[in-house]
Amino acid sequence: MLLACMRSCVAAGVAALALLLLLGWPVGPAVTTSVAQDAGATIWTVPEIGALPDDANSRLVRRGRDLITATYAHIGPEVADRAKRFAGNNLACGNCHLQAGTKKFGIPLFGLFGKFPHYNARLGAEMTIEDRLNACMTRSMNGRALPADAPEMQALVAYIKFLSTGVAPGQLLPGMGTGNMPELDRAADPARGAALYANACVACHGPDGAGIRRSLPTTDLGYMMPPLWGKDSFNDGAGMARLITAANFLHFNMPHGVDYLNPQLSPEQAWDIAAYVLSQPRPHKAGLDKDFPDLLEKPVDAPYGPYADGFSEQQHKYGPFAPIRAAIAKLKAEKAGGATPAPR
């Protein structure tokens, strides 16, 4: 009986692998989710917050997790203490940093603490972890910066530090960011995306992209499903307002409950839905023209100018991006060689 079960399991595994290959789904490094398990290799796993003792630092870590999962309830625009209204919308950080920042390819927060400070091209200067958190506060949360000594900032930093427990200096953990699916050789199409949105997204996020509130809009209880555009969503300076970020996030995480092992949206569908979502109105962040002092370091999908490459804002917003990358590479080569870049 045991031998028969073992044979059945092996057969099922072979069949599953064959199906993955048949569908063209990468089974190599692009979707690697654990450190190489060679002899002597160290396997890192997300630390368990429930195992922390009841001491001051552990309470600070738990407070940080609460701020990630229910930002609106602690520093949202409708909390009772007006001085604590740092977020400008009723989103939670966890709407983008899924599973409290622990989901692979769901913009995880694990392993990040030791990477700061570092040079940031958007800022054009060294960025601390507090700076990075405040970039989220002023862009994704469409609010205002937290003071570095604010209890909420200290709690958020403590939580991210906790999620980096056991990560060696320079260690690159798998599953960071939003993943990297193939790009289109055409512009992403908001019109195609509208039809796909109606089929795959409208039940959770609504026909007007307004999401589903937990209760009355006069409370601070946030959303069961977050808004994707409109006045209570992220602003146009947020990372999620960039097509490459949004499309990969959708492919590897949506509809709700999906993960990178079993995507439901094809890459082409994800690109077009993301284009539709990002074509909709959202809050504007002032001063975006000051981002990326070195325009040659500006991401190809930054949806706002100025640009160094001569391509339109429309193409930067929807692609295709390969021609933009080629132009930027040429400009960088000219700059490195001391040549004066040709007018564009």
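Structure summary
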{"quantity": "Qualifying positions in segment 166-193 - part of a helix (DSSP H, G or I) and surrounded by fewer than 18 Cβ atoms within 10 Å (Cβ to Cβ)", "calculated": "ALA191, ARG192"}
{"quantity": "Subset tally (residues that are open to solvent by 30 Å² or more (accessible area, probe 1.4 Å) and not small (Gly, Ala, Ser)) for segment 103-119", "calculated": "9"}
{"quantity": "Candidate set from segment 237-267 (those that are in contact with a Lys or Arg (Cβ under 8 Å, 6 or more places away or on another chain) and in a loop (DSSP other than H, G, I, E, B)); member that is most open to solvent (accessible area, probe 1.4 Å)", "calculated": "ASP259"}
{"quantity": "Hits in segment 203-212 - residues which are in contact with a Gly (Cβ under 9 Å, 6 or more places away or on another chain) and either assigned to a helix (DSSP H, G or I) or free of Cβ contacts under 8 Å to residues at least 12 places away in the same chain (or both)", "calculated": "CYS204, HIS205"}
{"quantity": "Filter result (modelled with pLDDT under 95 and part of a loop (DSSP other than H, G, I, E, B)) within segment 311-344", "calculated": "GLY337, GLY338, ALA339, THR340, PRO341, ALA342, PRO343, ARG344"}
{"quantity": "Residue under evaluation PHE234, criteria (1) in a loop (DSSP other than H, G, I, E, B); (2) surrounded by fewer than 17 Cβ atoms within 10 Å (Cβ to Cβ), criterion not met", "calculated": "(2)"}
{"quantity": "Among the residues listed as ALA135, ALA158, ALA145, ALA200, the single one being at pLDDT 95 or above, more than 30 Å from PHE113 (Cβ to Cβ) and aliphatic (A, V, I, L, M)", "calculated": "ALA200"}
{"quantity": "All positions within segment 106-132 that are within 19 Å of LYS161 (Cα to Cα), under 17 Å from the mean Cα position of the chain (by Cα) and touching a residue at least 24 places away in the same chain (Cβ under 8 Å)", "calculated": "GLY106, ILE107, PRO108, LEU109, PHE110, GLY111, LEU112, PHE113, ILE129"}
{"quantity": "Tally, over segment 25-52, of residues that are open to solvent by 70 Å² or more (accessible area, probe 1.4 Å) and at pLDDT 50 or above", "calculated": "5"}
{"quantity": "Close pairs (8 angstrom Cβ cut-off, 6 or more residues apart or separate chains): open to solvent by 50 Å² or more (accessible area, probe 1.4 Å) in segment 296-322, among the β-branched types (Val, Ile, Thr) anywhere", "calculated": "PHE311/ILE324"}
{"quantity": "Given (1) under 13 Å from ALA187 (Cα atoms); (2) assigned to a loop (DSSP other than H, G, I, E, B); (3) of a type in the set (A, V, I, L, M), index of the condition ILE273 fails", "calculated": "(2)"}
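To keep it simple, each residue is scored yes or no on (1) among the small types (Gly, Ala, Ser); (2) within 26 Å of ASP149 (Cβ to Cβ); (3) surrounded by fewer than 23 Cβ atoms within 10 Å (Cβ to Cβ); (4) modelled with pLDDT under 95.
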site	(1), (2), (3), (4)
THR71	no, yes, no, no
GLY76	yes, yes, no, no
LYS84	no, yes, yes, no
ALA87	yes, yes, no, no
GLY101	yes, yes, no, no
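The values are calculated or read from the model by the stated rules, or taken from the named source; none is laboratory data. Just so we're clear, the structure is a prediction, and the values are computed from it rather than from any experiment. Cβ coordinates were reconstructed from backbone atoms using ideal geometry, including for glycine residues, and neighbour counts include every protein chain displayed. Note: accessible area is taken over every heavy atom of the protein model, side chains too, but ligands, DNA and RNA are not part of it. Shrake-Rupley method; radii C 1.70, N 1.55, O 1.52, S 1.80 Å.
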